[in-house]
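To keep things clear, I will list the structure first and then write my remarks on it.
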Amino acid sequence: MVARILTADCPMTAKATANALLDAHVRHVLDQLEHHLPQLVGEELDAGLALADRLTLNDCVTRKMIKDTALAYAADLELGAGIPELVGDVARALYAHEIHEHTRFGDLLDDGHFREILDHALELKSLREKLVHEVIASPLYAEFASDLLYNGIKGYLAENAVTRNIPGASSMMKLGKTMISKATPRLEASIEEGLKKYIGQSVKATSRHSAGFLLKHADDDTLRALAQAFWERVKPMKVAALREDIGSLHVEEGFVTAYEFWRSLRQGKFYRTLIGAGIDAFFDKYGDATLAELLADLGITRDIMQREALRFAPHVLKMLHKKKLLEPVVRRNLARFYHSPAALAVLGS
């Protein structure tokens, strides 16, 4: 039994009574925890929920308290060096899990939800127009279109109807090309460079018209049909099919990169400001609501709270009791009262 902290001038009968009461109280608490835990949790929940009708969120906490807590853990907490390694381990485990072999994309997203997502995406017309204009105005698009036109023209000149249908025409064109190359070796290269340059300038000049043409013909019905056709091809496929193009190392590096990006983002003003704005919006809506109203809106019922309490508490209490750690915790907390001068004074009187 732990050492008892007693005052020197306290009568012995008061000390003995205090120790006896402490022992009885410890046994009572241990008995309640071991044999009556569900009833104890239920009674405490009922008492707490009765108070929830009388207390508002603003009564209990301020928005500044919640903001400080959120920022302390979401932005200011310095994460340990083991986190990146853990992220990599999790990524490998997720990638290798056999569930991917038994899950189709259609199992993750049904047709109804796909149509809803597609409807929302098609509503973003101004964003779509900006993306099309940016893509077509990019150097990559100009190079791609120029190369496509150049090879098309070059292929047409080499395989056009005249050279196919007139006997000897193809041979004569090849002979002429050979003779020109021998007479002026740089002429053919110059012609190709000039043609490429002209095509490139033409593509740039007509890119704005191309954007309008694409937007005009890529209307909602066309895009919906293309997306629906793509979804019909994809939804029967197993998720594991992604492994053909995405390796374990890619996933691991992607997780680590995303983690490092989040670490960088959380230090900036943007991230912190959004956290504060979100908390403000929550308090604007629920600050004057009672805790009972808040719990109801969040869908947290008494049954859920009791279920979650009893999911962990019995296991933890059993473990502590088995390792002889539970009684010292109970005794240490109760002893502060029974060995206090106030309690001993009452018992001595």
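The values are calculated or read from the model by the stated rules, or taken from the named source; none is laboratory data. What you are looking at is a predicted structure, and each value in this text was computed from that prediction instead of being measured. Here Cβ is always computed from backbone atoms with ideal geometry, including for glycine, and neighbour counts include all displayed protein chains.
Here are some notes:
- Test: residue in segment 227-239 that is in a helix (DSSP H, G or I), within 30 Å of Leu86 (Cβ to Cβ) and touching a Ser or Thr at 6+ places or on another chain (Cβ under 8 Å): yes
- Per-region count, segment 255-277, residues under 30 Å from His100 (Cβ atoms) and surrounded by fewer than 14 Cβ atoms within 10 Å (Cβ to Cβ): 7
- Verdict on Leu291 being of a type in the set (A, V, I, L, M, F, W, C), in contact (Cβ under 8 Å) with a residue 60 or more places away in the chain and in contact with a strand residue (DSSP E or B) (Cβ under 8 Å, 6 or more places away or on another chain): yes
- Checking Val256 against (1) at pLDDT 95 or above; (2) assigned to a helix (DSSP H, G or I), the condition it does not meet: (1)
- In the set (1) outside any helix (DSSP H, G or I); (2) within 30 Å of Ala241 (Cβ to Cβ), Glu116 fails one condition alone, (1).
- Of the residues making up segment 91-113, those that are surrounded by 10 or more Cβ atoms within 10 Å (Cβ to Cβ), charged (D, E, K, R) and assigned to a helix (DSSP H, G or I) are Arg92, Glu101, Asp107, Asp111.
- Residue in segment 276-291 that is modelled with pLDDT of 95 or more and under 26 Å from Val87 (Cβ atoms) present: yes
- Odd one out for Asp46 among (1) at pLDDT below 95; (2) assigned to a helix (DSSP H, G or I): (1)
- Of residues in segment 32-57 being more than 30 Å from Phe283 (Cα to Cα) and not acidic (Asp, Glu), the one surrounded by the most Cβ atoms within 10 Å (Cβ to Cβ): Leu33
- Which numbered condition Glu253 misses (of (1) within 20 Å of Val61 (Cα to Cα); (2) within 23 Å of the chain's Cα centre (by Cα)): (1)
- The set of residues from segment 309-349 being buried (at least 17 other Cβ atoms within 10 Å of the Cβ) and in a loop (DSSP other than H, G, I, E, B) comprises just one member, His339.
Okay, residues lined up against (1) farther than 30 Å from Ser146 by Cβ; (2) touching a residue at least 40 places away in the same chain (Cβ under 8 Å); (3) in contact with a strand residue (DSSP E or B) (Cβ under 9 Å, 6 or more places away or on another chain):
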residue: Leu214; (1), (2), (3): no, yes, no
residue: Thr222; (1), (2), (3): no, no, no
residue: Lys235; (1), (2), (3): yes, yes, yes
residue: Glu244; (1), (2), (3): yes, no, no
residue: Val251; (1), (2), (3): yes, yes, no
residue: Val256; (1), (2), (3): yes, yes, no
residue: Phe261; (1), (2), (3): yes, no, no
residue: Ser264; (1), (2), (3): yes, no, no
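- Qualifying residue in segment 268-282 (condition: part of a loop (DSSP other than H, G, I, E, B) and not assigned by TED's automatic domain parsing to the domain that holds Val41): yes
- Of the residues examined, Arg331 is not one that is over 30 Å from Asn19 (Cβ atoms) and of a type in the set (D, E, K, R).
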